[in-house]
Amino acid sequence: MNRVDQFFKNNDPKTNGKALTIYYTCGVPSVEKSAKYINKLIDAGADIVELGVPFSDPVADGVVIQEAAQKALINNVTIQDVIATTAKIREQHKDTPIVLFSYYNVIYKYGVEKTFSEFANAGGDAVLIVDLPHEEQQEIFEDLEKHNLHLIQLVAPETNESRLNKIVASAKGFIYMVTVNGVTGQRTELPVDLSKKIQKLVAKSPVPVLAGFGISNGTTAKIAAENCDGVIVGSAIVKKFLDSQYCSKNSIESACNLVKEIKNALS
Amino acid sequence: MANDNNKTSGKYGIYGGQYVPESLMVALEELEKAYIEAVNDDNFWKEYDYYIKDYVGRKTPLFYAERLTKYCGGAKIYLKREDLNHTGAHKVNNTLGQVLLAKRMGKKRLIAETGAGMHGVSTATMAALFDMDCEVFMGALDVERQQPNVERMQLLGATLSSVSSGSKTLKDAMNEAIRNWVTTVTDSFYVIGTVAGPAPYPEMVKRFQSIIGREAREQILEKEKVLPNKVIACVGGGSNAMGIFAGFESDEFVELIGVEAGGLTGSIHDSAASINYGSTGVLHGCKSYLLQDDFGQIQEAQSISAGLDYPGVGPEHAHLNDIKRAKYTVITDEEAIQAFELLTKLEGIIPALESSHAVAEAVKQAKQMTNDETIIINLSGRGDKDMQSVMKYRRDNPKQKDLL
């Protein structure tokens with residue numbers, strides 16, 4: 001069974017809390033430290049890891065993840081490094097689901113089949129491609145299936161009924177519910193009609209629903225997760241590793257504390 | 001062309017498509033539906049025709065460049081004078097169409113990206129004319145090298161956002177425009193300036209620009225009684241080229257030539273020539289040729305011409321290249337500058353640096369042709385905006401020898 005499915009099958013929200021997925025831009029502050037820090041964040045309570053592949057033109061991302069990608073690219077981080085990082089996380093955590101989080105061009109250029117094959121061999125479980133909407137996914141399905149990888153679907157606030165039906169029909173693993181119109185990044189508050197939209201999606205979805213975008217602490221996590229199965233936190237964590245040029249011991253401590261705070265709020 | 005009531009095909013061979021975040025898909029669905037309704041509505045075209053004639057000043061002349069022809073001593077050269085459009089370039093053919101569509105859809109705010117500033121000026125002009133809000137995204141480097149256009153946009157009432165990420169040029173302006181669109185998608189209309197982006201943009205922009213080719217075909221038949229041997233246009237994203245190619249694409253004996261920017265040296269590491277030096281990839285919503293490294297990171301394009309300084313190209317151009325219906329060549333900065341100087345001195349027409357690339361290619365080709373053959377150059381814009389760039393270039397690079 002795919003580790004994502006295994007996780008949700010085994011996870012009892014009453015004892016372990018709802019799911020906390022963290023997003024981490026691979027290569028920040030360095031490739032070596034990425035694996036080390038992600039392993040610590042899992043120990044601190046992160047349930048699922050989205051491993052971000054840096055891209056030169058991240059149109060769906062706000063300033064924090066843009067900056068992280070830029071720093072990673074200055075370090076010459078490639079898809080091969082991301083796959084190697086996957087293997088290092090897998091050595092330490094044999095059950096934690098790992099999602100490759102990427103823009104399509106990086107995968108397309110390296111080769112869709114090649115990427116999926118190497119990622120699956122390294123212990124990866126699922127793929128999320130930000131700029132590959134339902135209409136364009138046909139071209140990768142065969143390769144996904146071949147390597148037993150789930151494709152994580154995104155649902156946006158603007159997604160209408162007919163699209164929603166198509167998306168849930170091909171959903172596997174979990175659905176990523178984007179909470180706001182906009183790019184990734186921290187926000188002071190979430191939209192008022194969010195819970196309605198989440199409830200509607202949860203009612204239709206055959207797989208768990210996690211809410212992401214704009215969730216930066218225990219309070220926003222609790223609100224976002226109220227009617228679904230958990231949250232995804234990205235920028236708030238990545239930001240900790242951008243604060244100082246030489247990412248200090250404080251960064252990882254402070255990121256681990258944030259994970260603990262959010263996990264606590266989900267329990 | 002629209003092939004059924006609700007959808008365009010959106011694909012050109014393996015190119016095109018809709019590679020955007022889910023947050024934009026509903027906006028694209030709505031746009032496509034509104035676009036197809038509009039182009040099937042006579043009233044939409046009545047309004048478009050009214051403004052294109054009385055406001056933009058079409059039709060633009062097809063001018064026989066007699067002195068340039070004599071200089072080359074070969075084929076007869078005609079210029080399709082898109083530089084004479086209101087706002088000084090072909091861009092307005094498209095912005096007028098898109099903004100009338102935005103108005104029809106009830107949108108109150110326009111977003112645009114711009115490289116040389118011509119599309120930004122054109123969108124800002126439409127925003128003034130139709131009383132809409134307008135925000136234009138422009139790379140910080142382009143803001144610097146196209147100052148007159150920055151001032152025009154501001155005078156027209158647009159908000160100008162200077163983009164300092166990445167290469168600080170058109171690609172980054174487009175990233176920021178897309179980010180802004182994702183955030184304001186319910187009330188804003190994104191006016192894309194070229195035949196790229198997600199479907200239906202490439203088709204829609206071509207449709208509005210095809211007026212160039214339609215007119216040029218009629219005009220050349222009137223003047224020469226035969227079709228031209230070659231049609232030559234510069235290609236950044238490729239909207240002016242697609243516009244003029246559209247008039248001749250079914251005339252299989254008319255050679256279509258797109259001219260890419262070769263930058264300083266015209267080499268693979270130093271240009272904006274995506275078709276000549278790029279490989280297939282996905283950027284800004286469509287699959288096409290891109291300048292990128294082995295790991296799919298987009299490379300910075302390089303050209304003296306801000307309007308061609310883009311590491312991608314419209315998907316239909318990629319397809320026309322692959323099926324060999326069009327040919328794509330490369331012209332360097334120096335050749336383009338010499339063409340700029342040449343046309344100015346011989347014909348009293350100061351071409352945009354973008355269009356100068358097409359002029360340079362035409363001069364080279366005309367010399368190899370006979371005097372019973374003809375070439376049409378799409379003179380896509382005027383060069384007032386480029387005076388500073390040309391002067392600076394010439395200070396740094398004195399002319400060594402005649403290349404044209």
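The values are calculated or read from the model by the stated rules, or taken from the named source; none is laboratory data. Here the structure is a predicted model, which means the values were calculated and not measured. Virtual Cβ from ideal backbone geometry, glycine too; neighbours counted across all protein chains shown. Keep in mind that these areas ignore ligands, DNA and RNA; they rest on the heavy atoms of the full protein, side chains included. Shrake-Rupley method; radii C 1.70, N 1.55, O 1.52, S 1.80 Å.
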Cα gyration tensor of chain B diagonalised, 5x eigenvalues square-rooted, in angstrom largest first, produces semi-axes 30, 24, 21
Can you tell me the equivalent ellipsoid semi-axes for region B:331-371? Use √(5λ) from the Cα gyration tensor, largest first, whole Å. 17, 13, 7
For chain B, what does the helix formula give at 222 nm: sum of -39500 (n - 2.57) over DSSP H segments with n ≥ 4, over the residue count, nearest 500 deg cm²/dmol? -13000 deg cm²/dmol
So for region B:102-146, Kirkwood radius off the Cα pairs, Stokes-Einstein at 20 °C and 1.002 mPa s: how many µm² s⁻¹? 196
Need the list of aspartates and glutamates near A:Lys200 for cross-linking: C-alpha distance under 15 angstrom, and skip anything on the same chain fewer than eight residues off. A:Glu158, A:Glu161, A:Glu226, A:Asp229
For the pairs B:Lys80/B:Lys223; A:Lys14/A:Lys36; B:Lys33/B:Lys103, note any where the Cα-Cα span goes beyond 22 Å. A:Lys14/A:Lys36
Region A:114-187 and region B:50-95: distance between their alpha carbon centers, rounded to Å: 47
Compactness check, region A:122-214: C-alpha Rg relative to the 2.2 N^0.38 Å globular estimate gives 1.11
Dipole of chain B [Lys/Arg +1, Asp/Glu -1 at C-beta], most positive-end residue of B:His119, B:Ala352, B:Val185: B:Ala352
Quick one: among B:Glu22, B:Glu255, B:Glu334, which has the greatest mean-square fluctuation in a GNM of chain B with alpha-carbon springs under 10 angstrom? B:Glu22
Ignoring ligands, DNA and RNA, what percent of the accessible area of the protein assembly as shown is carbon or sulfur (1.4 Å)? 48
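Count charges around A:Gln92 for me, please; just the other residues with Cβ under 10 Å from its Cβ, Lys/Arg as +1, Asp/Glu as -1. Could the numbers behind the result be given before it?
Numbers: positive: A:Lys36, A:Lys40, A:Lys88, A:Arg90, A:Lys94; negative: A:Asp43, A:Glu91.
Net of charged neighbours comes to +3.
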Can you list the equivalent-ellipsoid semi-axes of the protein assembly as shown, largest first and in whole Å, using the square root of 5 times each Cα gyration tensor eigenvalue? 48, 25, 22
Any chance you could check the Cα centroid distance between region A:17-56 and region B:337-353 for me, in angstrom? 56
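I want the local charge near A:Ala265. Using Cβ-Cβ distances under 12 Å, sum +1 for each Lys or Arg and -1 for each Asp or Glu among the other residues. Mind showing how you got there, number by number?
Numbers: positive: A:Lys18, A:Lys222, A:Lys260, A:Lys263; negative: A:Glu226, A:Glu261.
Local charge sum for A:Ala265: +2.
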Determine which lysines satisfy two conditions relative to B:Lys399: a Cα distance under 25 Å, and not lying fewer than 8 residues away in the same chain. B:Lys70, B:Lys345, B:Lys364, B:Lys367, B:Lys385
Might you work out the accessible area of A:Val202 for me, using a 1.4 Å probe with all protein chains in place, and round it to the nearest 10 Å²? 50
About its Cα centre, region A:3-261 carries a charge dipole, from +1 on Lys and Arg Cβ atoms and -1 on Asp and Glu Cβ atoms, whose size in debye to the nearest 20 is 620
Please name which of A:Ile42, A:Ile22, A:Leu100 has its Cα lying farthest along the dipole of region A:1-112 towards the positive end, using unit charges on Cβ (Lys, Arg +1; Asp, Glu -1) and the Cα centre as origin. A:Ile42
Rg and Dmax of region A:3-261 over Cα atoms: what are they, in angstrom? 16.8, 48
Using 16 Å as the cut-off for backbone N distance, which residues of region B:164-192 belong to the label zone defined by a point 7 Å from the Cα of B:Lys33 along Cα→Cβ? B:186-187
In region A:120-148, which residues become less accessible by 10 Å² or more once every protein chain is in place, relative to the chain on its own, using a 1.4 Å probe? A:Val130, A:Asp131, A:Pro133, A:Glu135, A:Glu136, A:Glu139
Charge dipole (debye, nearest 20) of the protein assembly as shown; +1 at Cβ of Lys and Arg, -1 at Cβ of Asp and Glu: 560
